[in-house]
Amino acid sequence: MNTRTPALKSRLPNVGTTIFTVMSALAVEKGAVNLGQGFPDFDCDPRLVDAVTDAMKKGLNQYPPMTGVPVLREAVAAKISALYGHAYDATSEITITAGATQAILTAILAIVHPGDEVIVLEPCYDSYVPNIELAGGVVVRVPLTPGTFRPDFDKIAAAITPKTRAIITNTPHNPSGTVWTRAEMLKLQDLLAPTEILLISDEVYEHMVFDGQQHESAARFPGLAARAFIVSSFGKTYHVTGWKVGYFAAPASLTAEFRKVHQFNVFTVNTPVQYGLASYMADPKPYLELPAFYQRKRDLFRDGLKRTKFRMLPGEGTYFQCVDISAVSDLGEAEFCKWLTSEIGVAAIPLSAFYGNGFDQRVVRFCFAKKDETLNTALDRLAKL
């Protein structure tokens, strides 16, 4: 009898254990404060848990519509209209997803055919490239400007070819914390106007923009909204990353193609959480007050970093703070992060992990979505530097 497991050819031969897994495991092993992976270590609003519990107790526990429960889609459409001035139809243009990562994969599978090119702006969230490869697409990497991480539109324009199917943007930007300006969004709109290129706009940190700036959603710009798949995350906004629920907004014709894939790779998203979120969204204060909530944590963290030799990069949005390590160590980013975790007791993530070629610019990323006491403990340890 042959008991040998058949060999297979990997669909993702270059994917191994991610740096996030490695650093989180090392942080546990060394008892380090984990400022590496991006998730809060504090609880969400108890009212949100109560809203989900109420939905469960009311018997709302069976399959919801494939597209999401109507009351939640309507709440999302109302929020986008109020904040960004674009009216999406809740029935045909809003879809509830199993997190933003699923929404991005589903969008790519819906629109990218083998051989199509997709532009990604590096450094970028680690799911983009494998998603494109799974669809049979060709990844075209365009670097954001080192040091500032602002988009270089000359380089983006030079990367466009007749095979370009889509471009993925992310503002506020993970990992750099950069926030695109209105002028930059207008440049993107002008650049794409004469093309058939689609836009996947990753806006999961939309409510984490600081110092009086506003989030420039693609929905604000008619020329972008007409070609954009806009993705956001309830998990990021409401401190419930483990619930894995997000949403997706796009014109009806694009949404129709998205839903063809969505119904077969996810079908739908858990029912009571959707109803709980819809009830909770009736009060806009939690997301309207989120910028101030996280700016206070950013300011606390940046004030503490002044006691170190790190050079802080601008922190315009998200819950990440990047620092230049050049004055602290001669190590490369990845080795420095391992050393920092093991010897100082604070875990960070190297920016090189967000580049296909491992570009090392002596910059690492911290997450400040933590309790004040967690941040203060980490800052006391970092002050040793």
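Assorted remarks:
- Theoretical FRET efficiency, 1/(1+(r/R0)^6), r = Cβ-Cβ of Val28 and Glu289, R0 45 Å, to 0.05: 0.85
- When the chain is treated as a GNM with alpha-carbon contacts under 10 Å, the residue of Glu196, Glu373, Glu335 showing the greatest mean-square fluctuation is Glu373.
- For the options Asn357, Asn34, Asn131, a Gaussian network treatment of the chain with springs between C-alpha atoms closer than 10 Å singles out Asn357 as fluctuating the most.
- Among Ala75, Ser201, Tyr63 the positive-end extreme of the charge dipole of the chain (Cβ point charges): Tyr63
- Comparing Cα centroids, the stretch 342-385 and the stretch 1-69 end up 22 angstrom apart.
- Euclidean distance of C-alpha centroids, the stretch 204-232 and the stretch 261-302, integer Å: 15 Å
- The residues Arg311, Arg296, Arg73, Arg165, when put in order of fewest to most other Cβ atoms within 10 Å, stand as Arg296, Arg311, Arg165, Arg73.
- Environment charge at Ala32 (Cβ cut-off 12 Å; Lys +1, Arg +1, Asp -1, Glu -1): +1
- With contacts taken as Cα pairs under 8 Å at a separation of at least 6 residues, the stretch 46-283 carries a relative contact order of 31 percent.
- Extension gain for the segment Asp360 to Ala7, taken as residue separation times 0.36 nm less the Cα-Cα distance, is 123.5 nm to one decimal.
- Here the residues Ile96, Ile160, Ile119, ranked from fewest to most Cβ neighbours within 10 Å of their Cβ, fall in the order Ile160, Ile119, Ile96.
- DSSP-defined beta bridges in the chain - what % are antiparallel, rounded to 5: 45 percent
- The overall shape of the chain is rounded: from the C-alpha gyration tensor, with semi-axes ordered a ≥ b ≥ c, the ratio a/c is less than 1.5.
- Gained length - Ala226 relative to Arg182, 0.36 nm times residue gap less alpha-carbon distance: 14.1 nm
- Its residue count N sets the reference 2.2 N^0.38 Å, and the alpha-carbon radius of gyration of the stretch 308-385 equals 1.05 times that reference.
- Helix-only mean residue ellipticity at 222 nm for the chain, each DSSP H run of n ≥ 4 adding -39500 (n - 2.57), per residue, nearest 500: -11000 deg cm²/dmol
- For the set Lys297/Lys370; Lys236/Lys297; Lys9/Lys163; Lys297/Lys371; Lys57/Lys79, the pairs lying more than 20 angstrom apart at their alpha carbons are Lys9/Lys163; Lys57/Lys79.
- Annotation for Arg311 and Phe153: the two label points, set 7 Å from Cα along the Cα-Cβ direction, are 2.8 nm apart.
- Taking other C-beta atoms within 10 angstrom as a stand-in for reagent exposure, Cys44, Cys322 fall in the order Cys44, Cys322, fewest first.
- Taking amide H positions as modeled 1.01 Å from N, with prolines and chain starts lacking one, the residues under 5 Å from Val346 and 5 or more places away or on another chain are Val33, Thr341.
- Springs join every pair of Cα atoms under 10 Å in this Gaussian network model of the chain, and among Tyr88, Tyr63, Tyr247 the largest mean-square fluctuation is at Tyr63.
- Modelled FRET efficiency - R0 22 Å, Thr91 with Tyr63, Cβ distances, 0.05 increments: 0.75
Only the coordinates and a few stated rules stand behind these numbers; no lab work does. Please read all numbers here as calculations on a predicted model, not as lab measurements. All Cβ positions, glycine included, derive from the backbone under ideal geometry; neighbour counts span all protein chains shown.
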